[in-house]
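Notes follow once the structure below has been shown.
The values are calculated or read from the model by the stated rules, or taken from the named source; none is laboratory data. Nothing here was measured: the structure is a model prediction, and the numbers come from that model. We place every Cβ from the backbone using ideal geometry, glycine too, and count neighbours over all the protein chains shown. Areas reflect the complete protein model, heavy atoms only, side chains present, ligands, DNA and RNA absent. Shrake-Rupley method; radii C 1.70, N 1.55, O 1.52, S 1.80 Å.
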Amino acid sequence: SSSSSSSSSSDASSSSSKASETSDERRVADNPYSVHLTASFTLCTLLLIAAIAFSVGTACRIILLNNSPKIYPQHGAYDTSIRMADQDNAFLMNRTHPMQLPSPTLRNGKVIPHTTFTSKLFLHQKVASTFTSTTVHLGRQSGALASVDQEIEYDVEEDFIRELEDENEDDNEDDSEDKDGQGDSDEDNNNAAELHLPAGHHLLVDIKHVDANFLNSEGRLAQAMVNLIEGSESTLLSYHCHSLVPSGVSCVGVLLKSHVSLHTWPNEGAIILDLFTCGTVPLFPILPLVNKMFGIPTTTAGGGIIDEGRDATLLPTMLWSHKLRGFRSDFSSSYKQHENPLEQDLGQALSWHGMDMMEPLLSEETDYQHVDIFQFIDPCVSSLGSYMRSLSESNDDDDDDDDGLPSYESLHKHKYVPVKVLFLDGVEQSSARGEAAYHEALVHPSMIAHSKPRRVAIIGGGEGATLREVLKHKTVEHVLMVEIDEELVEMCEEYLPEWSDCTDIVGSDADSCFDDSRASVEFEDAFKWFIDRFEDYGSSTEEKFDVIIMDALDPDRLVEIVGSLYKENAFINSLSNALTEEGVLVVQIGGSESIADPPDEMGPGKDTANMMEALQSVFESMHEYDEGHSEFDAPWTYLVCFKDSITRASWYRNAAEIDIELHQRIAGKESGKPALLFFDAPTMISYQVPSRAKEASYCRKEAKPWECDGYYSEVNPEIANILVSHVEARKSTRMGEYADRGLFASQDTPESSKLDINGSAKAFHVLPSTWSVIEDLYYTKDDGGVDKGAFAKEKLSSVVSFVPGYGCGAKILGMLHYAIDLGVMTFCNHGCNDMHNIGDCKNESTEINADL
């Protein structure tokens, strides 16, 4: 049974196999080229091919990145060039061949960063305006690298970090390294942190009157661009240039996280270029190199350079601006905005691209601050053409009638000179156009308030202009200037000699005010100098000063050398102790407030508020005034402090008295020119009243001052204004024959009403000095007790009786003075009890005894 089953199974299997073979043979016969693969075989084959392709690609990439010198051993750069469709124009055939373009260079010691590049060149037939297109890359053998045959292994991550550090070290070399080979480690750390920020410096330059042949030469422009990047100590990775039809060249270069580009207009003689670098070093110091590389003068028909005399206006002229780009404080907690000069006034000035001239004269770091000196020509005020004509001795205009005659500009050269501006840590200190107004406003109001200033101290004032103004006073015997930064003084003497020029001042025995025999300079911290000598009242052996002028930095400047000058009570007390009993202190406290500003103690002026609080505790009175001609963004504010009422009263003299004082006090000039350019009696009168903006800010204090309410408040339309017709002037019926006249209501009036607001403004004033003269004449007696001015006394008796009898007396101006109302309001000064009825009733005071 088993055998037969097995046999039958075997026969079945054999029959099936034969049937299958017969079927396969039939299919082969039908399609002899058919191949059948299993799914597993197909999958394995695809994976093997992918692995081989990946291995080959990876190997090629490594070879290309790390062994490029072996591929291009004959060149220092990878150079690809494409010449567009042939042009028939002979001018185009003379254009520089792209293979002549220079190679980017690498400074010795620098390592080429690991980068990859991708480019797309559009070669459409429609682009007929392009003559050539050339790309040049930095080769690996550039600089002090290994030889071509030497094998080099790279750790990409470590090398990249090292290259960034090398770039930062190269781009942040400072002057201290040039002097003694040492740098500030803290500053280097800050610079290293800033290098990796998404930020940088952007220099934009436009130059006109440039040689057309140079602007049309792709090779010369490329070489200038390579030289510029090399001179700026940056690394040019590659650049790409297009020669355009019919003329012009456009180039763009790629730096490490930076770029440079240029575009030319040969027919117009103009080139526009821009350079952006990520790093901490400003770019404007390379402007001389930019001008040297790209400011090629136009050649004459004979091949020579244009004459710098008659054709000076055709010389290459450069317009430029410098801008900070990116984000700093948002990505670095260690970045301090106030420590970057380009975040201050300097950056704002350099960012305007419309200046006819913007030339850096000095940019250096002292031991205490960064000093920048620029000269500008603002087209809103003057022009480069006017300046150039002022340098010419003859009139070069097209008008034949004026040929050979001096131009107006040449006859008034001082009106067209570039304006020099001094910046300290980026903050504008003074300018040639506004320094006279600034320094005259700082010095002369306080000096003439003192009866006879002999000894004067100046804190700061490194430019020398404050010293110059003080030395104009005939009464001055000695001026001490205490300045912490000796290097600043030396720089200002060299670059700003006009600030300290005493050549023309009558009585000065030196050309420089610093060398005047009446002047001495101490290079020391003013904080230490005054505290060491005047900390304790009465204990100092030093002779005191009549006037102290603080011309230091603004109180709210966030720099170290400002700190103690304005914030320490010990220093403020020492200033008071250093003054005589009639002494005056004046301080410049920065830009004036606007009508919308909060009070100092609640805004950015907290240090100013602290200083004023400290001053108020040691001086009898203080007064703020503004000067609007100093060429700053806003009017400038000064604070004058008086130790006694006499000097305070002198502050409020009338214009005639001030004119006489200035005429007697100020020394003239040898040349006969005016000794003062801005300050005069009417200007002094304007200083006597604080600005409306200051009053508004003062009254916004958290604890509202009492003087901001009631009589001194603004007119409130909700408060009743009683007309003068509702009152009458008559004698009191209660005082008998001794009754005085007064105002009495003819009808009921609401409580807290105002009386004749409009009429109250009509009054005349007897100033302290005027009343003092009247009293002197009226009460003067000779040594024997006999009246010397009997005639004057007779004439003045009615005045002496009327003014205090009908006037409102006060001492707000330092000494007793009166305001006398006109019309019936005059009688408001008397009450039924023969007392003056204006004053604070709560304190039982009247206007005659209240010291407002």
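Observations on the model:
- Tally of residues being more than 17 Å from Ala763 (Cα to Cα) and open to solvent by less than 30 Å² (accessible area, probe 1.4 Å) across segment 814-826: 1
- Filter pass, Glu613 being part of a helix (DSSP H, G or I), touching a residue at least 60 places away in the same chain (Cβ under 8 Å), open to solvent by 30 Å² or more (accessible area, probe 1.4 Å) and charged (D, E, K, R): no
- Residue within segment 482-495 that is more than 20 Å from Ala675 (Cβ to Cβ), in contact with a strand residue (DSSP E or B) (Cβ under 7 Å, 6 or more places away or on another chain) and assigned to a loop (DSSP other than H, G, I, E, B) present: yes
- Subset of segment 705-742 [under 19 Å from Glu624 (Cα atoms) and either in a loop (DSSP other than H, G, I, E, B) or at pLDDT 80 or above (or both)]: Pro705
- Being in a strand (DSSP E or B) and surrounded by fewer than 24 Cβ atoms within 10 Å (Cβ to Cβ) is not true of Lys452.
- Among the criteria (1) assigned to a helix (DSSP H, G or I); (2) open to solvent by less than 70 Å² (accessible area, probe 1.4 Å), the one Asp659 does not fulfil is (2).
- Subset tally (residues that are over 30 Å from Val111 (Cβ atoms), hydroxyl-bearing (Ser, Thr, Tyr) and touching a residue at least 40 places away in the same chain (Cβ under 8 Å)) for segment 248-267: 1
- Members of segment 519-548 found to be in a helix (DSSP H, G or I) and more than 35 Å from the chain's Cα centre (by Cα), listed by number: Arg533, Phe534
- Val586 among the β-branched types (Val, Ile, Thr), touching a helix residue (DSSP H, G or I) at 6+ places or on another chain (Cβ under 8 Å), in a loop (DSSP other than H, G, I, E, B) and under 23 Å from Ser446 (Cα atoms): no
- Residues satisfying the stated conditions in segment 780-813, i.e. surrounded by 12 or more Cβ atoms within 10 Å (Cβ to Cβ), over 22 Å from Ala761 (Cβ atoms) and either modelled with pLDDT under 80 or in contact with a strand residue (DSSP E or B) (Cβ under 7 Å, 6 or more places away or on another chain) (or both): Thr780, Asp787, Lys788, Gly789, Ala792, Lys793
- Close pairs (7 angstrom Cβ cut-off, 6 or more residues apart or separate chains): closer than 24 Å to Leu215 by Cβ in segment 268-280, among the aliphatic types (A, V, I, L, M) and open to solvent by 20 Å² or more (accessible area, probe 1.4 Å) anywhere: Gly269/Ala212; Asp274/Leu204
- Residue satisfying condition, being in contact with a Phe, Trp or Tyr (Cβ under 9 Å, 6 or more places away or on another chain) and open to solvent by 40 Å² or more (accessible area, probe 1.4 Å), within set Cys699, Cys708: Cys699
- Lys420 vs. criteria touching a residue at least 24 places away in the same chain (Cβ under 8 Å), among the basic types (Lys, Arg) and open to solvent by less than 30 Å² (accessible area, probe 1.4 Å): no
- Note on segment 229-287: enclosed strands (runs of 3 or more DSSP E) holding 3 or more residues that are over 21 Å from Leu350 (Cα atoms) and either open to solvent by 40 Å² or more (accessible area, probe 1.4 Å) or not aliphatic (A, V, I, L, M) (or both) are 236-244, 249-255, 258-265.
- Residue in segment 426-448 that is of a type in the set (S, T, N, Q), closer than 30 Å to Met357 by Cα and either open to solvent by 10 Å² or more (accessible area, probe 1.4 Å) or part of a helix (DSSP H, G or I) (or both) present: yes
- Qualifying residue in segment 337-352 (condition: free of Cβ contacts under 8 Å to residues at least 60 places away in the same chain, assigned to a loop (DSSP other than H, G, I, E, B) and either open to solvent by less than 40 Å² (accessible area, probe 1.4 Å) or closer than 18 Å to Asp274 by Cβ (or both)): yes
- Restricting attention to segment 464-484, the residues being at pLDDT below 95 and over 21 Å from Glu542 (Cβ atoms) number 0.
- Residue pairs whose Cβ atoms lie under 9 Å apart, separated by 6 or more positions or on different chains, with the first residue in segment 673-686 and within 19 Å of Val506 (Cα to Cα) and without any contact (Cβ under 8 Å) to a residue 60 or more places away in the chain and the second open to solvent by 30 Å² or more (accessible area, probe 1.4 Å) and assigned to a loop (DSSP other than H, G, I, E, B), are Pro674/Gly668.
- The single residue among Glu631, Glu627 that is open to solvent by 40 Å² or more (accessible area, probe 1.4 Å) and within 24 Å of the chain's Cα centre (by Cα) turns out to be Glu631.
- Evaluation of Thr580 against (1) more than 15 Å from Glu695 (Cα to Cα); (2) crowded, with 20+ Cβ neighbours inside 10 Å; (3) modelled with pLDDT of 85 or more (one fails), failing number: (2)
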